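**Student:** Sharing a structure here in structure tokens format.
Please treat every number below as a calculation from the coordinates, not as lab data. Everything numeric here is computed off the predicted structure, so don't read it as measured data. Note that each Cβ is placed from the backbone with ideal geometry, even for glycine, and that neighbours are counted across all protein chains shown.
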Amino acid sequence: MAAVAGKLDFIADGVRWTVAGSFTIRPFQTSKEPVVGVNGPAGYKEMGVAPSIEAELITTADTRLKLFEAMSGVTASVKLANGLQYILTEAFVEGEPDINPIDGTVTVLLKGTSCDEI
């Protein structure tokens, strides 16, 4: 039986990060929303969105959170246990990292111009 979930490799700006658990990939560049009138659904509107990767990472004594602040135009890649791979290009960290000192984790949201499945 083949692995379908579990382990993954995450590299951003050439650094391999240790994932704590939560990890989300949003590869689409468009989002659709319904347009509803008083008579019911009329169709949908389509808007552009930035593809993203959100990751909860384990922090260690060697973790330098300033690296995230400096990230701009970087490439992030992820390889999943099921063999799927994604490349997020021209990425930057949106907002500020959420640091959880109790669990020893930091959550970052990277957004880019494209996210390709390879």
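**Student:** Restricting to region 66-104, name every residue that is within 20 Å of residue 27 (Cβ to Cβ) and among the polar types (S, T, N, Q).
**Tutor:** 75, 77, 82, 85, 89
**Student:** Out of the residues in region 19-41 that are surrounded by 12 or more Cβ atoms within 10 Å (Cβ to Cβ) and of a type in the set (S, T, N, Q), state the one that is farthest from the chain's Cα centre (by Cα).
**Tutor:** For region 19-41, the residue satisfying everything is 31.
**Student:** Turning to a different aspect of this structure: Show me the strands (runs of 3 or more DSSP E) entirely contained within region 78-118 in which 2 or more residues are farther than 16 Å from residue 63 by Cα.
**Tutor:** Of the strands (runs of 3 or more DSSP E) lying wholly inside region 78-118, those with at least 2 residues that are farther than 16 Å from residue 63 by Cα span 85-93, 105-111, 114-117.
**Student:** Anything in region 42-65 that is closer than 30 Å to residue 30 by Cβ and surrounded by 14 or more Cβ atoms within 10 Å (Cβ to Cβ)? List them, or say none.
**Tutor:** 50, 51, 52, 53, 54, 55, 56, 57
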